[in-house]
Amino acid sequence: DASRLLHLRLVSFGDQQSLLLAHDVTELKRVEAVRKDFIADVSHELRTPLTVVVGYLEMLSEEKLPEDIHQALISSRRQAERMQSIVADLLMLSRLEMEEDQAGEIEIVPVPDLLANLVEDARQLSGAAGHSLTLHVDESLGIRGNERQLSSAFGNLIFNAVRHTPAGTPIDIFWGREGEGARLVVADRGPGIAPEHLQRLTERFYRVDKSRSRERGGTGLGLSIVRHVLRRHDARIEITSVAGEGSRFNCLFPGQRLVKLSS
Ligand code: ADP
């Protein structure tokens, strides 16, 4: 039956004997596709009502009202905005998952400009906390890929470095050639991440400290988005961290994705 999808595995015992295992994954794939469609549809449908709710809460929180009501409105608005970020991240993630098998885009992404803009946004986000962000980039190096996706991935790494480290922490961002390929590094000297968490960090909704991370305004989907975006660009993520010393998020791009930018 040509419509069935099989996963084949060849297991060898010694020199002479092998066993061919066939696992029918047709139903599994179908259920997975339904799940992805469902998440994409739900997040898409939630966007409009949320925009309306946030809009009204915004309007009402500007009215002159008794203080306790005013505070309740402010808090409701903050939560509704949080929900908006989660819905936007879920939608992005499910689109990335659904488009996984399609060919990559062929835009030329000017990584140095993109990083400069993101660092500017990160400085705004840091505000009075005053993280010191330093950018070290090879100005001639770009990537063939999707600008919106790469901006979201790199942005997540840079904003994480700001959100998950104390005020004033130095954050260094490098972008340059490495061997045949290129490497983007976001390195902070914050609290670091204990080794037992590193493996699972890019899973959906995985956080080292759920309530703390929530307080800092994250959705728990950031690193999962990073992993998917990188995979679509034939790249991968490596995370190294020493508790008490800081974390390094490395994105490794292969040579065939690189382009020389004219200045
Ligand atoms: P979140 O929205 O919570 O930031 P992410 O998927 O982006 O979700 O990150 C997952 C978790 O990884 C975070 O909740 C945090 O515990 C940890 N983390 C990410 N970046 C850093 C960092 N630079 N320093 C310390 N912990 C980090």
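Given the structure, is Arg177 over 20 Å from the mean Cα position of the chain (by Cα), of a type outside the set (Asp, Glu) and at pLDDT 95 or above? Break it down stepwise before answering.
Working: over 20 Å from the mean Cα position of the chain (by Cα): yes; of a type outside the set (Asp, Glu): yes; at pLDDT 95 or above: yes.
Here the answer is yes, as Arg177 does meet what is asked.
Within segment 45-54, is there a residue that is modelled with pLDDT under 90 and on the phi < 0 side of the Ramachandran plot?
Checking segment 45-54: not a single residue is modelled with pLDDT under 90 and on the phi < 0 side of the Ramachandran plot.
Residues of segment 208-219 being near the ligand (Cβ under 6 Å from one of its atoms), under 13 Å from Asp89 (Cβ atoms) and open to solvent by 20 Å² or more (accessible area, probe 1.4 Å), which ones?
none
So which residues in segment 114-133 are assigned to a helix (DSSP H, G or I) and touching a helix residue (DSSP H, G or I) at 6+ places or on another chain (Cβ under 9 Å), if there are any at all?
Of segment 114-133, the ones assigned to a helix (DSSP H, G or I) are 114-129.
Leu114, Leu115, Asn117, Leu118, Val119, Asp121, Ala122, Arg123, Leu125, Ser126, Ala129, listed by residue number.
Within segment 177-201, how many residues turn out to be surrounded by fewer than 18 Cβ atoms within 10 Å (Cβ to Cβ) and either farther than 22 Å from Arg123 by Cα or among the aromatic types (Phe, Trp, Tyr) (or both)?
Number satisfying all stated conditions: 13.
Among the residues of segment 105-112, are any open to solvent by less than 40 Å² (accessible area, probe 1.4 Å), at pLDDT 95 or above and not aliphatic (A, V, I, L, M)?
yes
Which number in (1) surrounded by fewer than 17 Cβ atoms within 10 Å (Cβ to Cβ); (2) more than 7 Å from the ligand (Cβ to nearest atom) marks the one condition that Gly246 misses?
Of the numbered conditions (1) surrounded by fewer than 17 Cβ atoms within 10 Å (Cβ to Cβ); (2) more than 7 Å from the ligand (Cβ to nearest atom), the odd one out for Gly246 is (1).
Yes/no per residue for (1) outside any loop (DSSP other than H, G, I, E, B); (2) in contact with a helix residue (DSSP H, G or I) (Cβ under 7 Å, 6 or more places away or on another chain):
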{"position": "Val162", "(1), (2)": "yes, yes"}
{"position": "Trp175", "(1), (2)": "yes, yes"}
{"position": "Ala187", "(1), (2)": "yes, no"}
{"position": "Val208", "(1), (2)": "no, yes"}
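What pairs come out if I take residues in segment 25-51 that are closer than 26 Å to Met83 by Cβ and pair them with residues that are at pLDDT 90 or above and open to solvent by 80 Å² or more (accessible area, probe 1.4 Å) whose C-beta lies under 9 Å away, six or more apart or interchain?
Close Cβ pairs (under 9 Å, with a partner that is at pLDDT 90 or above and open to solvent by 80 Å² or more (accessible area, probe 1.4 Å)) amount to Leu46/Met83; Leu50/Met83.
Confirm whether Val162 is more than 8 Å from the ligand (Cβ to nearest atom), more than 12 Å from the chain's Cα centre (by Cα) and open to solvent by less than 20 Å² (accessible area, probe 1.4 Å).
The answer is yes for Val162.
Confirm whether Gly222 is surrounded by 13 or more Cβ atoms within 10 Å (Cβ to Cβ), over 12 Å from the mean Cα position of the chain (by Cα) and in contact (Cβ under 8 Å) with a residue 24 or more places away in the chain. Before you say what the answer is, go through the steps one by one.
Details: surrounded by 13 or more Cβ atoms within 10 Å (Cβ to Cβ): yes; over 12 Å from the mean Cα position of the chain (by Cα): no; in contact (Cβ under 8 Å) with a residue 24 or more places away in the chain: yes.
Answer is no for this residue.
The values are calculated or read from the model by the stated rules, or taken from the named source; none is laboratory data. Remember, predicted model here, so these are calculated numbers, not experimental data. Cβ sites come from the backbone with ideal geometry, for glycine too, and all protein chains shown count toward neighbours. Surface accessibility is based on the protein's heavy atoms, side chains included, excluding ligands, DNA and RNA. Shrake-Rupley method; radii C 1.70, N 1.55, O 1.52, S 1.80 Å.
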